[in-house]
Structures are given as structure tokens and as C-alpha cells.
1. Report, for the protein assembly as shown, the % of DSSP beta bridges that are antiparallel, rounded to 5.
2. Step through the residues of segment A:24-36 one at a time and calculate ³J(HN,Hα) from phi using the Karplus curve (6.51 cos²θ - 1.76 cosθ + 1.60, θ = phi - 60°), rounding each to whole Hz and writing x for Gly and Pro.
3. Quick one: if you stick a label point 7 Å off each Cα along the C-beta vector at residue B:298 and residue B:397, how many nm between them?
4. Using only helices, what value at 222 nm comes out for chain A when you add -39,500 (n - 2.57) per DSSP H run of length 4 or more and divide by the total residues, to the nearest 500 deg cm²/dmol?
5. On a 0 to 90° scale, report how tilted helix A:284-294 is relative to the longest principal axis of chain A, with both axes built from alpha carbons and the result rounded to the nearest 10.
6. What are the residues whose amide H is under 5 Å from the amide H of residue A:57, where those residues sit 5 or more places off or on another chain and H is modelled from the backbone?
7. FRET efficiency for residue A:252 and residue B:533, Cβ-Cβ distance as r, R0 = 51 Å, nearest 0.05?
8. Take the alpha-carbon positions of the protein assembly as shown, form their convex hull, and give its projected area averaged over all directions (one quarter of the hull surface) in nm².
Amino acid sequence: MKKISLIIAVLITLSSGSYTNGHSKEVNIFSARHYDSDIQLYEKFTAKTGIKVNVISGKDKALQKRIIEEGKDSKADLYITADAGRLGAFQAKGMFQKGASSKAIKAVVPSNFRTAYWTGIAKRARIIYYSPERISLSDLKGMTYENLADAKWKGKIVIRKSNNVYNQSLVASLIKNNGKKATAKWAKSLVANMARDSKGNDRAQILAVAAGEADLAVANTYYLALMLSGKKGPEQQAAAKKVKPFFPNQNDRGTHMNISGGGILKHAPNKANAIKLLEFLLTKEAQVHIVNNTFEYPMIDGVEPHELVAKMGLGFKQDLKTKVSSYEKKQADALEVMLAAGWK
Amino acid sequence: MEIIIKMGIKKFNIWYISSFLISLVVAIPIITVFSSFFETTSNYTSILKDTFLYDYIFNSIYLLVGVLFLTFTIGVGCAYIVSFYSFTGVNFFKWALILSFAVPAYIYAYSLTAFFENYGTAFSILKNIFGQNNYNNSIPKFDGMLGAIISISFSLFGYVYVLTRSSFHYQSQNLIELGKNLGFSKKKSFFKIILPSARPAIVAGLSLVAMETLSDFGAVSFFGLSTLTTGIYNAWISFDDLALANRLSFYLLIFIFGLFILENFSRKKAQYHSLSKGGFKSKKIIYLKGYKSFLAFSFCFAVFFLSFLFPVLQMLYWTIIFPKHFIDLNSLQLFINTILLVSFSSIVLIFFAFISNYGNRLSRSKVLEALTTFSISGYAIPGIILAVAFITFISWFDNNVIKLLGTETIKPIFIGSILGLVLVYFVRFYSLACNGIKSGYLKINYSIDESSYLHGFSKFKTFTNIHIPYLKNSIFLIGVLISIEIIKELPITLIMRPFNFETFATTAYIFASQDLLEAAAAPSLFLIFTASIFILITSRYIVRD
């Protein structure tokens, strides 16, 4: 027994080096966006400012629940997640405080991608992928998200499940623009056009087009670049080359955009440090690091996206008419519309 | 009158009280889960709810039936072959088949997807053998419901295998000879004699499988399935829809209580069986030759390959072709963190399970027994729900009790600390520890306690000098079983852990959730490797007993 307690004592000492010790030069992040590269970025921040960054990463809603229950005693300063709708929902629960739009942040982040409570850190577009072997570019002329419901695509489209938050935000933006009734009809026709029951992640949709299971896929931009980079192996790299990106709605409001972003929590004990970190994430240095590791689009001007992302097309029209902060209000309707349409 | 009072005092001694308190502590989060749903707040239309509800229930039923069928076939099949026959490699398979315990269902799911997806590992293999072609359409796809059934089955069939095997082990040759005398064919005596006599063990194994299946979150959410567990998570945590969460947990409860009744029932039968020890004749092992030996070998090898080698090889393959992820991994720190949790939790669990069992044994109180049984149900409640319930309870307690007393908040002590993490593990795995010690205790006759008291030993001394040495093997075995569970545990660790604290499981999950299964390979391998060592240490106990 003595031996065992000794071992435990040693283990506790060994591992306690990594805990927060409550010193003031620190900032605590709850993150549902888990990129390894983000950790490297935090290390850079610490080297620059001397502020230690502590992180807990996990599932979005479970982390939110923990923050809510910890209440005033929460040590969390900053909440970072992907999808504007999630940020909006957490804001609606009153969990953020103003501060995410400091002067420095306002100066660099376009107003569509921030509110007083949270700001985008990087952008992604949800676009259409097609097989150039089976679909010619002229077939896609003037193509919109709305056109995915056209009968000519029967049995040709793949898209992931309705429980996916990126789909919920996309459909929310359609409801915002076209109304719930029209979108309900659209969803029904889209489900009729699906090549298979929805399954798999975004990358699986792109691979389905490469493999010939479908002709069109809907997925976020960074997945194709990830495959093209060879990080997923030579097979997927070759497969990605069989698929081309298409940016829809170029003749009207533009392509659907989403963000990963963060906000300062209501009871943040280190608010000033949290603002500093957000501002740092929006500097040129940090943005270059982000776009080169995650293949997202930069949030600020003057930074080029990764070369592979740039090759997919840069001059496309982004939907700046539909504010990303509006997704949250329509996400519940979006889910309802999709489920009613039989979208798995 | 005086005697009654004295008896009363005797009954409510320190053992009784501590046993009562332990069960109560374990029961609190469980009560929180169900009581918090009786508040009604709801913001969804009823049509939508019904769509959800049916989906959740039917998916859970499909999953359960599929997993039970597969684990039954594989588990009983393997147990039968290695118990009754001798063939090349049989001694190897006896313990090697248990290694499947080291692979959690979510890691199995990663491997399955990676191998069979479009342009996955299977595609690479075919391309390297037969040259460039589009093989994707001819490669079967194991995803969605089918993927979840396979992943969960291969990681859980070990329960059925181990329990059935030990039941076969003690089966008397007399029974088999009885069949022969009645002129039964081999097939008939298998279905009419061997299988029914092992039924209690099989049912006990299957009910463990069923509870783990119902509470699975990792594999099911990886495949995007909506089951009762993900449904409760979504309704409660995502939508704050307590009314729906309430209905869903009600259905989950029905499932669980059904299983409890089944399990208790089969346990009672098992005791009855073990009584008939008179005339035990160890059974004759049949030596297989030729193609029959080959068939037996092939079946066992296929199961060993699919349950253990396949996920390990897939992870190994990735680690080799993407060595960067392996090199970057801070594996020593992850190992220390994992072992810290494992040792801390198993000691705490065994210690308290012991006290509780001893208290039960001394008092023989029905109330205490019932409370203990109830507190054991923590095992069937999904870890993620349990963790959130724990946080909710601590927060409620802090706001309504601690704050009124005017003392400092207790939240940081319990939320986001190793202590809190270990406490939730405690609730989740208490049944494992408690039942394990209980079954050990059942083998110690009450007369031993009485003669110990007659010799002038105190209750404490009886406990330390008689019971603990007697139960040494059980303690060891349970300690290792708990350790394996904690090494694999994901959702509780994910939400309860302190800042900057990662284990093999959380690291693998984080990589997998950003679609970097290649990077998840190295921590997964370490996880499987660590758990395998624990399994190998105990394999001789598991195989023998």
C-alpha cells in the first residue's frame, strides 16, 4: 500500500506541471475547434507576451454546458468553436460579454463576420464539387444552392446528414433568403435528388464524387485542399484531382460563408488577456499560420490563403448579404425543414 | 425491548453507515439525471419530437439486436471451440481472443472507416496488387448502422466469450455422456445440453454487452447514428429540451431495467447450478485432425484477426506511412496522465467497494442491498450524461447549499479537477468493482466470519486479516478490469478533465474529430498497447476462472 501511494504521489507531481496554478499571466480557453496547429499558435503567443495559454478541448455542447454550470466560478476566458450558428446560440444564452470587438479587431475583421460578442478567426465556404468527367462546366452555368433541387440532378447529389451543423447553417441561410416554406419544398426535392442516404463527413462526400457514386457533392472548401496536400496519403491526393470545386450563387448573393471564431465569456477572470489573444489570432503572423495549416480562408486582408486553396479560385463572390450572425436564429427551423423532408 | 434496541444499534454500526453513504454518493448523479427531467421546458413542435423519438428508439433496438446477435455467435462459438476441442494454436487463442478488450469501439470505428472508405486502405491494397482501376464500387462499405454494429460487437464480444468459456470449463463430462446415452447427435447435444447449461453465463455476458451498447457514445456518434443516448445528449445538452430528454431517458430506463431483471434472473440460476458439484467429472477434450482442425483454427483466427489484428494493423500502417504524427506525440506525458487516472481510480474504487460489500455482509439489510443495487445502475448510464449530471449537481449544491453557508465555492474542487474526474469514474464503474468483490465474497462462507469472531477477532481485523487475503485474486482481477475500462474511457474524461490534461483516448479523439485519423493512429496504438499489457497480466486469471 505504501508503495502504491508513493507511486501516486510521484505521478501527481509529474503531471501537475501542466495544470493552471492560478497565476495572473494566463488565459484559459475552452475550444471545440481542435487543430494541433492552434496549440503551436498559442505557444507563439506565450513566447511573445509571457501569457500562459491553458486549453481544454472537447465536444461543443458539452463544453458549453460545463461553462454554464460553472457559472461565476468558471475559469474559462475564451470560447472557440467552428460555425457562426453555435457562437450565436451561446450568445443567445447570455454567456458572452462584449469585448470581442476591440478597436484593433474592428479595424481588421469585416462587420459581416463579427458581433459585439464574438468574432470570426478564419473563414470557410460551403461549396459544390463536381466530376469534370461526367459534368461539363456549361451544365453548371449560373448554378445556385437553390438549383440543387432541380429534377435534372436526380440521383446525382451527395451531402452529409441533417444533424451536421454546417448543413444547418447552409439551410438557415436559405431560409433567411427564401423563407421557410420555399426552403421546405427545396429540401424535399434535394432529398429526392440524393444518390444515397446521407452518411460520412465532408471528405467522404468529395470522395463519393471521385469514386463515381455521385456527380455533385456539397462540402466545405478546406477538405479538398487537405486531400490535395497529400496529408491524407497519395490515394486521396489522386482522388481529389478527379473532383473540381464550383462556387455557387455567383450571379446573385454569393457563396455561403461560415467562420470559426471565438468570444469572451461572461465571467472571464482574465478578460484583458483574452482580448489580447483574440487580437493576436487576427495578426498577419497568426493568420498565415492558420491558413497554411487548416486550409481555411484568412479573416483579414493582406494574407493569402494556402496555395492549394488559392488554386481552387479566389475572386469568387462571397455572400456578404446574409450575415453569419443570422444563422443561429434560423438553425432550429433549418433542422425542422430537413427532418420533415426525410433528410437522414 | 432492550434486546431490540441493542440489535438496532448493532445493525447501524460504522460499516453500515459508510456502506450506506457510499451507495448514496454513487446514486446522486443517477438521481440527478432522472429528476432534472421532470422540469418541463420545451421549444420543439410535437411532430418533430415524434420523428426524433421513433428514430431514436428503433435505431437503439436495431443496434442492440445486431450487436447481441453478433456477440452471441462469435463469443459462444469461440468459447465452445476452445473449451471442447484441441487443435493447432488452441492455447494461444484461449487468451489471445481476450485482447479484443483492448480496442475501444470508437477506435474500431476509425479503422473500419479508414480501411473500407472510398480510396481507403483496401483500395490501396487492391491497386498495389492488380494495378490502377476504380475498385471503389466493388469494395463493401461498412458505415452507418452496419459499421456501428460491427465496431461495437468486436470490441465487446469478449464479455460473452470469457463468461461462457468459464461456464463450459466447469461443465461436467456427465452431462455430455448423458446426451450420448440418449443417442443425441453432436449437433443435438450442443443445442439441447451444452448451450442450455451455459445459459446463465451467456445471458450475463449478453446483458453486459447490451448495457455497454446502449451507453455507447463514441462509435455511434462517429457514424452519425441517432440512438437514445445521442438523443438524450442532443435533447438535454443541445436543445435544453428537458421534456424530450425525459421521455427518452424513460425509454432508456425501460431497456435498462429489462436487462437488470434478466441479468439478476440469470445470476440466481448460476448459483443454483454451481451447487450441483457432486460427481463432477472433468470433460474429455476432443483432438481435431485434418480439415476439422483447420476449420477450428480458421474460425478462431478470423475472430482474433478481425477483433484485434485488423485495427492494430490499420493503426500501425498509418503510423508507418505518417511517422511525423508519431514523433510529435508527447507519449510519455500521455502515458503518465493515463496511468495516474488508472491507479488513482482503481484504488479508490476497490477500497470503497470493499467497505460497501462488507457493510452489506455484516448488516444483511434489505434497504442497503436495494440501495446498492440501484447505485450500480450507473454502469448503464452513458458516461457523457453521467458527467453532465455530476456537473449539474455540483453546481446546484454549490448555489443552494454552500453559498448559503457563506463559504468559498466548491466548484473548482470538483469540476475540472482530477478529483472530480475520478469521482465520475467512480460512479460509472462502481458496479464493476462492487459486483466483482461481491462475487468473490459469495465464495467465502459466513461460518468463516463467525469462527473469526469466536477467535476474538474484531470486525476490522476479520476484514483485514481474513477477507482481504482471501480475496486477493479477485481484487487484482477487478483492479485490472477497471484499469482497462479507464484507459479506454472517453466522454467523461473529455468533459471533466483539467486544463492542458490529455490522455491517449482524448488525444486520439481530438485528431479524429478534425478528420485526421492518421494522426489519431499513434495515440490509439499506445492506448491499445497499454490496455493489452494489463490484459496479458490477467489473462491467466480470466482464462482459468
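1. On the way: 24 of 39 bridges.
Rounded to the nearest five, the antiparallel share is 60 percent.
2. Listing the rounded values in order: 6, 8, 8, 9, 10, 10, 9, 10, 9, 10, 9, 9, 4 Hz.
3. Rounded to a tenth, the inter-label distance reads 5.8 nm.
4. Mean residue ellipticity at 222 nm (helix-derived): -13000 deg cm²/dmol.
5. That helix lies at roughly 60 degrees to the long axis.
6. Here A:31 satisfy the definition.
7. Working: r = 61 Å, r/R0 = 1.20.
Efficiency at R0 = 51 Å is approximately 0.25.
8. Its Cα hull, projected and averaged over all orientations, spans 41.6 nm².
Computed from the coordinates by the stated procedures, all read-outs in this text should not be read as laboratory data. Computed from a predicted structure; not experimentally measured. Methodologically, a virtual Cβ is constructed for each residue, glycine included, from the backbone with ideal geometry; neighbour enumeration extends over all protein chains shown.
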